[in-house]
Amino acid sequence: MWQGSTAATCLIRHAGAGNGHLFPLAPMPQTIRTPLHPLLALLLTLLLLGSCVSLPANIRPVDGFEVDRYLGRWYEIARLDHSFERGLSHVTADYSLRDDGGVRVVNRGYDQKRGLWKEAEGRAYFVEKQDQGFLKVSFFGPFYGAYAVCDLDRQSYRYALVCGPSTSYLWILARSPQLDGDTVRLLVERARALGYDTNALIFVDHRSPVLDDAPAAGKR
């Protein structure tokens, strides 16, 4: 799940995701029409950013979560559209342990129009319990956003449904670039029951050719 960073969005970082899969979470006002003292504007921004670790009231992260089994590469099967991921195909999220006990997050996607890869690296930490799929993820300084695994293949960790701080943020992840139709339909129904606009889901292209020597846009 990508959770990226722009000046007009709540910064975090593909899931993951940020998802991922690589990416910001709650939209922030594009402009402030009434002049504000710079310090007041900064404080308001930080308050907005800080709220991103919360989840919608009906979202319950999975319990019995095993981070060691969740590590490794995930492929983004579907997502709700956001500017930080727009136009990207072949999106993946790689998770590995950090020395400080957190999780290293590397989100990557291919920009077909520009013929290059985009990559973002972040860090994630458990919000409450280490056996609950609820983490906070950052791709920018001290600012974190929510990353909640709200459905999971508990037997083999083959797929996951990842939710953000509002129903505008959703990712379906899998261990392979393709996920069988029955499982996709099951996850879409689950997301719809949780209040997500599943008609707006974008299904990620993992089949189109990419340039073997395509340059990278640089890490964030």
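Quick look at the values:
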read-out: Shape box of region 38-203 [Cα atoms, principal axes, largest first, Å]; value: 52, 41, 35
read-out: Relative contact order %, region 38-203, counting alpha carbon pairs below 8 Å whose residues are six or more apart; value: 25 percent
read-out: Among Ser89, Phe143, Val62 - extreme Cα towards positive end, dipole of region 38-203, charges at beta-carbon; value: Ser89
read-out: Net charge dipole size for region 38-203 [Lys, Arg +1 and Asp, Glu -1 on Cβ; Debye, nearest 20]; value: 260 debye
read-out: Cα-projected label distance for Gln155 with Arg69, points at 7 Å along beta-carbon direction, nm; value: 1.2 nm
read-out: Ascending count of other beta-carbon atoms within 10 Å, so fewest first, for Glu85, Glu119, Glu66, Glu76; value: Glu66, Glu119, Glu85, Glu76
read-out: Order of Lys118, Lys129, Lys136 - criterion: other Cβ atoms within 10 Å of each residue's Cβ, fewest first; value: Lys129, Lys136, Lys118
read-out: Semi-axis lengths, Å, region 158-220, gyration tensor of Cα atoms, sqrt of 5 times eigenvalues; value: 26, 16, 10
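Readers should treat all values here as calculations from the given coordinates under stated rules, not as data from a laboratory. Quick caveat: nothing in here was measured; it's all calculated off a predicted structure. Note that each Cβ is placed from the backbone with ideal geometry, even for glycine, and that neighbours are counted across all protein chains shown.
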